[in-house]
Structures are given as C-alpha cells and as structure tokens.
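Student: Please read through the structure below; I'll follow up with questions.
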Amino acid sequence: MKTVVHDAIVIGSGAGGAAAAYHLTQRGAKVLLIERGLPIPLDGSTLDVQQVAHGLCRLREPWLDRQGKPFFPHEYLSLGGKTKWYGAALLRLPPAEFQPDPEGGLLGWPIGYAELEPFYDAAERLLDVRTFAIEPNLQTLVAALRRSDVRWQASPLPLGLSPKILEHVEEARHFDGYASPMNLKSDAEVCLLNRVAEMSNLQVLTGRRITELLGAPGQPRRVMGVACDDGNRYYANHVLLAAGALNSPRLLRDYALQRGLELPGSGMIGRNYKCHLNTVLLTLSPARKTDLLRKTLLLRHPDFPHSSAQTLGWLDGAILGNELPTWAPRWCADLLGSRAYGFFLTTEDGSHPDNRIRVEDGASPVLDYNPARRPAMLQEHRVLVREFRGDLLKRGYLGASRTMPIAASAHACGTLVAGGDPATSVVDGDGRVHGMENLYVVDGSVLPRSGSVNPALTIYAWALRCASRLT
C-alpha cells in the first residue's frame, strides 16, 4: 500500500493551527490537520451555564502547580480549540509591544510590527472584526469613571461577532466564554476551516491525540510525520505544532529526549510561560442593568502602560450564582446579577525562565509559575486594580475583585519563544525550531511578549505569516 505524504501536517485547530492550515490549503498544499477534540455539540449545551461551568468540552488532565497542588487547566477539546470558547476580543499589539522592556522583564520579538501588519490586516478580514455601539448603561458608567479620573481612555473593543447576534438574545448573552451553535462568533473553525472545508487538498481528522513526532531514519533533525493514539501514522514534508502553549513544548521535549537530540534552544523548551496577570472585577450599583452585549469597551490609562481593562459579557443570576457560596440563595444571585457589570483587568506578565512547564516521566506535568518573579509587572497590576476599583467607588459603584487562578490558561503563551538568538529562544522569526529542518510552531507558545491585550489576533497573524513563508 502506497504511503501518502502530505505537504504539511498541522497539529491543533485553534487560532494558529487553523490559520496555517487555511493559508497552506489556499496555496495548493496538501494539508492534514489533526485535532484531539471533536466538533462542538449543537444541542444548545454550549450555551448552558451549568454545563459550561462544570467543564463541558474541557480536557480533564491533572496538572500540578509549583507547590505540588493539583489543578485542571482550562484547555478545551473541540474543533477550533479555545477560539470556540473565547470572548471574541481581537486586538492588535501596538508597535511598542514588539520591543524589549528590560525593566519589566519583557522580551523583544525577532520581527517588528511592520512585518506582522499585513497579516493583522488579513486576519481581521477573515475574522470579520468590527466594533459595536457602547450601550447606554455602560456609557453612564464610563462617564462616571472619567469624572473620577479624566485620563481613563475609552475606545470600542474590536470583536469577532456577527451583527446578527443582536437578533438572538441567548447567543448575545452567552458569547463570552461560551461556544456559539449558530456560528455567530468568529472562531477558527467558522472563519478559516469552513472556508476551505470542501477543498480536496485538506483533510481534517478529529478525536485523534498525537503521541509522538516521528523522525526521519538517520536524520533526527528532520520530522517525517506523527503517530496517533489510534495506532495510525501520518507523514509530511513539514510539521507544524499548534497544540498550544501547554502541549506543544511537551511534544518537542519528548522528541528531543527520545533521540538524544541537543537542539540550540533545548534549554529554553517549556520556559518563559506567560498567561497575563488577570483580575475580574465586579461592580454593583443601585440601578438595574439592561445592556445586552456589554463586552464592547476597552479602557487604558497612561499610568499603567502594560495594562488594559475591558468589559465582560452578560451577567445574571445564573452566571453569577456559580461564583457565590453554596449557601447563598438564588434570589441573592438574581438581585446582584441584575445590577452588576464585569470588567477584565489585564497586565502583561514579564518573561522569566523559571516560569516554566516541567514534565517528569510517569508524573503529572508541573506548571511552575510565580508572577512575583517579575515584581514590576505584579506591582503595576495591583495598583491598576486598586485605582480602577477606587475610581468607580467614588461614583457609587461598589467593586469586588478576584485574581484569576493558575488554571485559567486562556491567554497561555511563551513556552517556545521566538527569537534571533538560539541560546535564549526556541524558534526563529519564521517559526522554525532552531536546529530542526522542517518543524515549525504556529501557536501562542512562540510569543516573546503577550502584550497588554488578548493574544488571539496576534496568534492568527503569526500563523498566517509562518504559512506564507512555507508557501
């Protein structure tokens, strides 16, 4: 039986994997995309607050934190990856955030903003990025915030949402952290894979876990394919890792260890993990809130150059009830939810080589992450939360905040950082692993800096650029 050799195998179907597969397929390459998850269920369960809160479609793999305590990262098993579940905020990193900032422990990119700009343009077109009107309750809140401090700079939040979502109340109330069965959210499957789904040169396999990368006989620096958990093997001229910042470094590490391969960047595999310093702040006021989308606003302040604040989506008693103590009555959750607005406060966390993924044979993987290793960024975030909450309180908005736990891996990146120096990075400016002939990385693990906003659009753009280099 003749062995089929693809031009490229893409491992993972999230932002990076889907973007790379889309571009390569469009250019005529024979592409095999392999995804561990399945398409999301279309029975409405992805909009069900209780089912989603209890881990619908999440990977239930135990990890340990740096103190040995178990946790389950918020990784999803679904075609389209985490983009099916994200809040659809799609923002560019400003040009300054491609440069190093030694005081904050922030690495620089091997490329500048200008080199990624045309791929940002392409990603925004493919994802149909737009802004929505800031709704009345939120306009009132922003005006109050600026009366406390006029330096708060407000702008519409770029979103990957169909305008039709306003006609479907349940979808509009459940896009931030939920998957859309009506495809009203711009995710990797809807906007990229579906565009090329009927092309004969793309094959998509779901429900398959990659167990190892296969090296060419006598040529360990060349990956010839992959092995899956069902026993099948697939072969290609190029292999693109897009399994995410928690999983791509594990595949690369295992490959190098099994072959005794010392790559130029071997010592950096799994290091420089970043996930943003994120705090959810809930504000309460006497008046009921009637805004629908809510997640339409981005706020910045000159005192916090590495930070941003954005509104969260719909809040009601059902959603808020999952965060209250079990003894709290439902009417209490309903009362609070009807008067609540949520904000997501984000600060870039600096890179530190000791913030890393460690894996020992036969043991659960360890995420050794401590934001205090970059104290300047941690201090900026703490002051941001205090000042933002204080400015709202001056205008009658009572605030309560919660720091996101280590399990919140939505913005995970940095474990295979891109750079020009193989001694301090794992991949080069084109996404190729240092020392490997045909192995590339197109997911968020390459990001040397995650910036002050959600990283999804940057991952899309990076993958489109890497794929364009291959074609």
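Student: Name the single residue, out of those in the stretch 135-163 being in contact with a helix residue (DSSP H, G or I) (Cβ under 7 Å, 6 or more places away or on another chain) and closer than 16 Å to R294 by Cβ, that is surrounded by the fewest Cβ atoms within 10 Å (Cβ to Cβ).
Tutor: Of all residues in the stretch 135-163, those in contact with a helix residue (DSSP H, G or I) (Cβ under 7 Å, 6 or more places away or on another chain) come to 145, 148-149, 152, 154.
Within this subset, residues satisfying the condition of being closer than 16 Å to R294 by Cβ are 145, 154.
Values: L145: 21, A154: 17.
Within the stretch 135-163, the match that is surrounded by the fewest Cβ atoms within 10 Å (Cβ to Cβ) is A154.
Student: Every residue in the stretch 49-70 that is in contact (Cβ under 8 Å) with a residue 60 or more places away in the chain and crowded, with 16+ Cβ neighbours inside 10 Å, please.
Tutor: If the condition is that a residue be in contact (Cβ under 8 Å) with a residue 60 or more places away in the chain and crowded, with 16+ Cβ neighbours inside 10 Å, then V49, V52, C57, W63, L64, D65 are the ones that fit.
Student: Next question, about the same structure. Given the structure, is L166 surrounded by 15 or more Cβ atoms within 10 Å (Cβ to Cβ) and touching a Lys or Arg at 6+ places or on another chain (Cβ under 8 Å)? Reasoning before the result, please.
Tutor: On the way: surrounded by 15 or more Cβ atoms within 10 Å (Cβ to Cβ): yes; touching a Lys or Arg at 6+ places or on another chain (Cβ under 8 Å): no.
So L166 fails the test.
Student: Let me ask another. What are the pairs with Cβ atoms under 6 angstrom where one residue, in the stretch 373-392, is of a type in the set (A, V, I, L, M, F, W, C) and the other, located anywhere, is surrounded by fewer than 17 Cβ atoms within 10 Å (Cβ to Cβ) and not in a helix (DSSP H, G or I)? Sequence gap at least six, or different chains.
Tutor: V385/S401
Student: Name the strands (runs of 3 or more DSSP E) wholly inside the stretch 204-300 in which the number of residues that are touching a residue at least 60 places away in the same chain (Cβ under 8 Å) and not polar (S, T, N, Q) is 3 or more.
Tutor: 219-228, 233-241, 277-284, 297-300
Student: Next up: Out of (1) over 27 Å from P102 (Cβ atoms); (2) surrounded by 19 or more Cβ atoms within 10 Å (Cβ to Cβ), what's the single condition that is false for G390?
Tutor: Single failed check for G390: (2).
Student: Based on this model, can you work out whether T283 counts as farther than 30 Å from A227 by Cα and under 24 Å from the mean Cα position of the chain (by Cα)? Show your work before the answer.
Tutor: Working: farther than 30 Å from A227 by Cα: yes; under 24 Å from the mean Cα position of the chain (by Cα): no.
Considered against the rule, which asks whether it is farther than 30 Å from A227 by Cα and under 24 Å from the mean Cα position of the chain (by Cα), T283 comes out as no.
Student: Next question. Restricting the stretch 119-147 to residues that are among the charged types (D, E, K, R) and assigned to a loop (DSSP other than H, G, I, E, B), which is modelled with the lowest pLDDT? Working first, answer last.
Tutor: Kept after step one, since they are among the charged types (D, E, K, R), are these residues of the stretch 119-147: 121, 124-125, 128, 130, 135, 146-147.
Imposing the further condition that a residue be assigned to a loop (DSSP other than H, G, I, E, B) reduces the set to 128, 135.
On the way: D128: 98, E135: 95.
Per the stated criteria, the residue is E135.
Student: Can you run down the residue pairs with Cβ atoms below 9 Å, 6 or more apart or on separate chains, where the first is in the stretch 344-371 and within 15 Å of W63 (Cα to Cα) and the partner is surrounded by fewer than 21 Cβ atoms within 10 Å (Cβ to Cβ) and small (G, A, S)?
Tutor: Sorted first by the residue in the stretch 344-371, then by its partner, the pairs are V366/G68.
Student: Something else about it: Mind listing just one residue for me: the one in the stretch 402-451 that is over 23 Å from T83 (Cα atoms) and among the polar types (S, T, N, Q) and, of those, farthest from the chain's Cα centre (by Cα)?
Tutor: If we take residues in the stretch 402-451 being over 23 Å from T83 (Cα atoms) and among the polar types (S, T, N, Q), then N438 is farthest from the chain's Cα centre (by Cα).
Student: Quick one: is D303 at pLDDT below 95, surrounded by fewer than 22 Cβ atoms within 10 Å (Cβ to Cβ) and either in contact with a Ser or Thr (Cβ under 9 Å, 6 or more places away or on another chain) or in the same structural domain as L336 (by TED's automatic domain parsing) (or both)? Step through it out loud before you land on a result.
Tutor: Working: at pLDDT below 95: no; surrounded by fewer than 22 Cβ atoms within 10 Å (Cβ to Cβ): yes; either in contact with a Ser or Thr (Cβ under 9 Å, 6 or more places away or on another chain) or in the same structural domain as L336 (by TED's automatic domain parsing) (or both): yes.
Criteria not met by D303.
Student: Out of the residues in the stretch 72-118 meeting the condition of being assigned to a strand (DSSP E or B) and not small (G, A, S), tell me which one is surrounded by the most Cβ atoms within 10 Å (Cβ to Cβ).
Tutor: Initially, the stretch 72-118 is screened for residues assigned to a strand (DSSP E or B), giving 76, 78, 89, 101, 106.
Retained after the next criterion (residues that are not small (G, A, S)): 76, 101, 106.
On the way: Y76: 25, D101: 18, L106: 23.
Result: Y76.
Student: Need at least 1 residues that are of a type in the set (S, T, N, Q) and in contact with a helix residue (DSSP H, G or I) (Cβ under 7 Å, 6 or more places away or on another chain) per element, so show me which strands (runs of 3 or more DSSP E) inside the stretch 331-393 make the cut, counting only ones lying wholly within it.
Tutor: Details: elements: 340-347, 356-358, 366-368.
Here the list reads 340-347.
The values are calculated or read from the model by the stated rules, or taken from the named source; none is laboratory data. Keep in mind that this is a model prediction, so the values were computed, not measured. Don't worry about glycine lacking a Cβ; one is built from the backbone with ideal geometry, like all the others, and counts go over all protein chains shown.
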